[in-house]
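Before any comments, here is the structure.
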Amino acid sequence: MRIVCVLALLLLPSLAWAQSRGQSELTGQVGWQYGGTQDYVAYSGYSAGDFHANAAINFGGLLSHFVQDYYAIEIGYSYQKTDLMLRPIGFQDVKVGDLSTHYIQLYGTRYVPVRPDKADAFVMAGLGATGYSVPGFNSRWLTSFAIGGGVKFHMSEKTGLRLQTRLLLPVQWSSGGFYFGSGGAQVTVGGSSTLVQGDVSLGLVMKFGG
């Protein structure tokens, strides 16, 4: 009987912190977003080259709801403000302006208990929309895809830490104006193209419901 009681007590943290159906979580995140380069053929008198978004801090949040044990639907948002650079071949780089980037995506996430009372690994995949804007230029929203993964550490029944990395893939489906272009500066982009970005973030998890 004593052995049964001891085992039950040892299992209590695991049961309390398990990623169970009906539970929800809210995560605030801060990270480092990188990438975002697009070649161009001609831009406002400059020779061929590329546009590049410098790596910089991003901020965001994630709302998670577990539809089955260890399976969650998650809605995420992240924002980054950085320098958009014009890099013509053979010439000095030029700052075009301050670029604001918004990611709004819906994920399906699978958690795998590494140590149920300590940490869970997870993989995630999703799609949504990505918005780019620069003062004085036309804003542009693109379809985007994402894959990622990481580890969530359980600090208590109500809190945790989420270490996450994502590969972000905004897609232009047709040829035509470049997504950073303005009405007076046409940029030729042949066919569909995928912009490769990514981030690494750390988040504070608040657990509720269930």
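The values are calculated or read from the model by the stated rules, or taken from the named source; none is laboratory data. Quick caveat: nothing in here was measured; it's all calculated off a predicted structure. Note that we place each Cβ from the backbone using ideal geometry, even for glycine, and neighbour counts take in every protein chain shown.
Tabulated values for the structure
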{"quantity": "Unique residue being at pLDDT 95 or above and closer than 19 Å to Leu204 by Cα when the list is Ala72, Ala16", "calculated": "Ala72"}
{"quantity": "Counted residues, region 111-128 - those being farther than 16 Å from Leu62 by Cβ and either in a strand (DSSP E or B) or among the hydrophobic types (A, V, I, L, M, F, W, C) (or both)", "calculated": "6"}
{"quantity": "Residue in region 70-83 that is part of a loop (DSSP other than H, G, I, E, B) and closer than 29 Å to Gly149 by Cβ present", "calculated": "yes"}
{"quantity": "Residue list for region 130-139, restricted to those being over 18 Å from the mean Cα position of the chain (by Cα) and touching a residue at least 40 places away in the same chain (Cβ under 8 Å)", "calculated": "Val134, Gly136, Phe137, Asn138"}
{"quantity": "Any hit, region 141-156, residues being outside any strand (DSSP E or B) and touching a strand residue (DSSP E or B) at 6+ places or on another chain (Cβ under 6 Å)", "calculated": "no"}
{"quantity": "Where a residue in region 15-27 is assigned to a loop (DSSP other than H, G, I, E, B) and surrounded by 16 or more Cβ atoms within 10 Å (Cβ to Cβ) and its partner, wherever it lies, is of a type in the set (Ser, Thr, Tyr) and at pLDDT 80 or above, with Cβ under 6 Å and at least six apart", "calculated": "Gln19/Tyr70; Gln19/Tyr111"}
{"quantity": "Residue ID - nearest to Tyr70 (Cα to Cα), chosen from residues in region 142-171 that are surrounded by 15 or more Cβ atoms within 10 Å (Cβ to Cβ) and among the charged types (D, E, K, R)", "calculated": "Lys152"}
{"quantity": "Some residue of region 44-67 being at pLDDT 85 or above, assigned to a loop (DSSP other than H, G, I, E, B) and at positive phi", "calculated": "no"}
